[in-house]
Amino acid sequence: MLTTFTRGYNQARFQTLPVLLILLILTVTSCIKDHNPEPDFKYLVKAESIAQVPVNEVKQRASVLAPIVQYGVTAYRVTYQTPGVDQKPLLASGLILVPTGYTGELRVLSFQHGTITTQQEAPSQYQPVGNMEAYGAGTLAASLGQGYMVVMADYLGFGESKALPHPYQHKASLASATLDMLRAAREFATSQGIKLQKGVRLGGYSEGGYATLALHQVLEASNEFTVLASYPAAGAYDMAATADWVVSQDKDLPVFASAYYMWVLLTYNQLYGINAPLTDFLTPGNAVKVGAAIAAGNPLAADVDLNPTKLFSPSFIAGIKNKTNQPLLQALQANNVYDWKPQAPVLFMHSAGDDIVPALNTQIALQAMQAKGATVGFLPLGTATTTHREGAQLYLAAMIQLLTTP
């Protein structure tokens, strides 16, 4: 180990150090560099330890699941390279969690987070408020006796790339951001001397469930990683069918649901060059509110109607139901993530009473993949009245239990 001293050296002696000795030191240093080159990483830019969580604290977070906790956990914030939606390279970030003191080969879990709206909720921030997936379930997964390295991408628009708008429910960028995070995690493991088992498990809820299927598809197409199992839950896998369900609801939906639906419309309107005015989507009063919120820099803050029949304009609703709004329908269909045959087994989870992402998404995906001969299953979350938010807690507990299996 080299130690640098910055105080108390003998300057006179240093100045009279023989030239030959200096040359010898330079030669030896040069040889050392040649035999121990710095790794030339393609994706990983930086990794920094941000938290050491003792085993007792992990047990406190785990609550009733405390008996399965075996290790403390070290959290790392990672910066890596990935393309933006315009395919230009940029820096993104994420979180890696590893069991402290584990000496064997680690399994890998790529855990895709659900919908978030603030920077504080990004996995790499590793905060207890609004971050139950990373701070809670992710940490618990990394503490299991089976030995997991948990990998969580922030997604574009959060963490290191927070200056950009998040491309919400955008299949391609979610897949590339999570894939490159996995690649960076593999390089991180190399840099730390961590041995990884072959294969990766995938999981996520809500937008994370959607991102899980998007990632699963690109992983199997590239053959770069072997997917062992996939646990997507409560995702909008059929975006067109979800849109039809939304505009058919003549009742108030949860307070945050309208913001999510608006987010999808604003994202696709911009990314696919539709560029329709807000009045093409929304009733006049809601268009004014959203326009003002966009001008203020936070479109999700608009106080819009919670009833879709009052939020969206009659012509917009008709265009979705009658399938005449072709520009938007094509964008929605381009972001479906279910119409393919996975090679690894997929276990879907969803609550029948989901009041934001209808359970028909899981039914459609399950049937489509079964028809193609895939190995797929379904685990219901809760009862017929279990909401989207309530289902999240049930999913996280179920995923942890699945991770304890061989």
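Return yes when ARG61 is more than 22 Å from LEU182 (Cβ to Cβ) and among the charged types (D, E, K, R) and no when it is not. Here the answer is yes, as ARG61 does meet what is asked.
Does TYR268 satisfy being within 24 Å of GLN112 (Cβ to Cβ), of a type in the set (Phe, Trp, Tyr) and buried (at least 23 other Cβ atoms within 10 Å of the Cβ)?
yes
Residue count for region 309-345 satisfying the condition of being at negative phi, touching a helix residue (DSSP H, G or I) at 6+ places or on another chain (Cβ under 8 Å) and not in a helix (DSSP H, G or I): 14.
Inside region 364-387, residues that are buried (at least 17 other Cβ atoms within 10 Å of the Cβ) and in a helix (DSSP H, G or I) make up a count of 5. Summed over region 204-230, residues that are in contact with a strand residue (DSSP E or B) (Cβ under 7 Å, 6 or more places away or on another chain) and under 14 Å from HIS113 (Cβ atoms) total 7.
Taking the condition out of contact with any Lys or Arg (no Cβ under 8 Å at 6 or more places or on another chain), at positive phi and either at pLDDT below 95 or not assigned by TED's automatic domain parsing to the domain that holds ILE96 (or both), does GLY193 pass?
no
For GLU105, the stated conditions hold: it is surrounded by fewer than 22 Cβ atoms within 10 Å (Cβ to Cβ) and touching a residue at least 40 places away in the same chain (Cβ under 8 Å).
A search for C-beta distances below 8 Å between a residue of region 365-389 that is within 13 Å of PRO342 (Cβ to Cβ) and any residue that is surrounded by fewer than 16 Cβ atoms within 10 Å (Cβ to Cβ) and of a type in the set (D, E, K, R), counting only pairs 6+ apart in sequence or on different chains, returns ALA368/ASP339; MET369/LYS341; LYS372/LYS341; GLY373/LYS341; ALA374/LYS341. Residues being within 30 Å of GLN119 (Cβ to Cβ), modelled with pLDDT of 95 or more and basic (Lys, Arg) are represented in region 372-393 by at least one member. Scanning region 28-87 for residues that are assigned to a loop (DSSP other than H, G, I, E, B) and either surrounded by 12 or more Cβ atoms within 10 Å (Cβ to Cβ) or at pLDDT 95 or above (or both) yields PHE41, LYS42, TYR43, PRO54, GLN70, TYR71, GLY72, GLY84, VAL85, ASP86, GLN87.
With respect to (1) surrounded by fewer than 14 Cβ atoms within 10 Å (Cβ to Cβ); (2) closer than 30 Å to GLN367 by Cβ; (3) within 26 Å of the chain's Cα centre (by Cα), the lone exception for ASP250 is condition (3).
For GLY130, the requirement of being modelled with pLDDT of 95 or more and small (Gly, Ala, Ser) is not met. Being touching a strand residue (DSSP E or B) at 6+ places or on another chain (Cβ under 9 Å), in a loop (DSSP other than H, G, I, E, B) and surrounded by 24 or more Cβ atoms within 10 Å (Cβ to Cβ), is that true of even one residue in region 93-101? The answer is no, given that none of the residues of region 93-101 is touching a strand residue (DSSP E or B) at 6+ places or on another chain (Cβ under 9 Å), in a loop (DSSP other than H, G, I, E, B) and surrounded by 24 or more Cβ atoms within 10 Å (Cβ to Cβ). Answer with yes or no whether VAL264 is modelled with pLDDT of 95 or more and closer than 28 Å to PRO345 by Cβ. For VAL264, the condition - modelled with pLDDT of 95 or more and closer than 28 Å to PRO345 by Cβ - is not met. Residue count for region 218-241 satisfying the condition of being over 13 Å from ILE364 (Cβ atoms), surrounded by 24 or more Cβ atoms within 10 Å (Cβ to Cβ) and of a type in the set (Ser, Thr, Tyr): 2.
Of the candidates ALA352, ALA374, the single residue that is within 23 Å of ALA172 (Cα to Cα), in contact with a strand residue (DSSP E or B) (Cβ under 9 Å, 6 or more places away or on another chain) and outside the structural domain of SER248 (by TED's automatic domain parsing) is ALA374.
The values are calculated or read from the model by the stated rules, or taken from the named source; none is laboratory data. Just so we're clear, the structure is a prediction, and the values are computed from it rather than from any experiment. Quick reminder, even Gly has a Cβ in these numbers, built from the backbone with ideal geometry, and neighbours come from all protein chains shown.
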